[in-house]
Every structure is written in structure tokens, then in C-alpha cells.
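Shown next, in C-alpha cells, is the structure this report addresses.
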Amino acid sequence: MAGVDEAGRGPLAGPVVAAAVVLSPENIPTGLDDSKKLTADARARAFDRIAREAVSIGVGLASPDTIDRVNILQASLIAMRRAVESLDVRADCIIVDGRQVPEVDVPALAVVRGDSRCASVAAASIVAKVIRDRIMEAMDSIYPSYCFSQNKGYGTSAHLEALRTYGPTRIHRYSYEPVERSLGVSDG
């Protein structure tokens, strides 16, 4: 069984990242929980344990362009499908955090708050969040004016001010209202 979750539906910039994680029932890593309930340090430690102990980890992304083209829900489902397809093992079934499941060729079940109820979904939540945060930290070196290492693409006051001053970058989600409002100003 693979747990599946995503990170990054709400930010104004960056991809949505999904993870699929298969854990061994005999070797469940400690410290698993909904990634939003863990500190960044606790997530990093849990991520390292998951990377060492999981049977398989798959990751899928959907770009800001894809998000703008198909909407965030559909982009999240695309990222989830890609994560499941990138597993090294074929899952017999998947449990997805939320209300909808991606189109995959295995039985799938949506579980609201699955990341608080199922260890493999919690592991997927952590993997997706850590990978997305690392992507946004890397983007900070390309676009330092936007403070992506601190805000991870979310609409903080500093990020919104940078959008007003410099306009959107190529990693912004142009279909999101604060980004649409900033159009007409050159790339920062």
C-alpha cells in the first residue's frame, strides 16, 4: 500500500509536489505526522528516516504553467499520478490524503486527514513538503528579492511587496489573483 499526499496548493509561486510512499509494516519510521504539525527540523529528521527505511518513494511535480493551464486541483492530481508512477514497486492500492484520487491503475481511496490517520500518508506528506521547501530555497538564490527561502512561495507581506515592486517571475502562478494583479511589471 502506498500513501500519497501533496504540498504546495496555496502558494503563489513554485510547483505543487506530490509524494507516494510505501512503508514496510515491520519498519515504520518514528516521528511521522501531518507535515504541517511538525517543525522544519522535525520534518527534516523524519524525511531522513523515511528515505532510509521506506520500501519505495515516488515524487511527482506539476509546474506553475500546468497549474495555470488546468487549475490547482487538476495539477495536484497530475503530480500525485506521477508520484505513484515513479515508485520502484507497484502498489496494490493507494491511500490519498483528501477527497479526490488521481487516475491510476490501482485501487485508490481518498481519506480526509489521511496524513493524521495513516503512517504512509504521513510519510508522503513529509516527503512532499521537504522536497517542495528545498525547491523554493533553491529558487531563492535565483530570485532573492522574493524571499522564497523564508516564505516558500506563500503570499507573505514581503512576497506581495516584491510582486508589486518587481512583478512576477517565471515560477509564479499567473492564474492566482495577487500575481494577476502584479502583471505589467518586469520579471524580477
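Just so you know, all these numbers are worked out from the coordinates, no wet-lab data involved. Remember, it's a predicted structure, so these values are computed and weren't measured experimentally. Because the Cβ atoms are built from the backbone with ideal geometry, glycine has one as well, and the counts that use them run over all protein chains shown.
For the reader, a short list of remarks on this structure follows.
- Span-like helix ranges in the chain, DSSP H, alpha carbon extent 20 angstrom or more, Kyte mean at least -1.0: 119-142
- Burial ordering of LEU160, LEU61, LEU32, fewest other beta-carbon atoms within 10 Å first: LEU160, LEU61, LEU32
- Residues GLU103, GLU161, arranged from fewest to most other Cβ atoms within 10 angstrom of their Cβ, appear as GLU103, GLU161.
- A Cβ-based charge dipole, computed about the Cα centre of the chain with Lys and Arg at +1 and Asp and Glu at -1, lands at about 280 debye.
- Taking a sphere under 12 Å around the Cβ of LEU12 and counting the other residues whose Cβ falls inside, with K and R at +1 and D and E at -1, yields a net charge of +1.
- Cα gyration tensor, the chain - rounded (a/c under 1.5), prolate or oblate: prolate
- Label-to-label distance, nm, for residues given as ASN27 and GLU137 (7 Å Cα→Cβ offset): 2.6
- Contact order for the chain, expressed relative to its length and based on alpha carbon pairs under 8 Å spaced 6+ residues apart, stands at 29 percent.
- Length released on extending from GLU85 to THR39, taking residue separation times 0.36 nm less the Cα-Cα span: 13.6 nm
- A Förster radius of 22 Å, combined with the Cβ-Cβ distance separating VAL55 from ARG170, puts the computed FRET efficiency at roughly 0.05.
- DSSP assigns beta bridges within the chain; of those with both partners inside it, close to 70 percent run antiparallel.
- Amide H to amide H, with H built 1.01 Å from N, ALA108 comes under 5 Å of ILE94, counting only residues 5 or more places away or on other chains.
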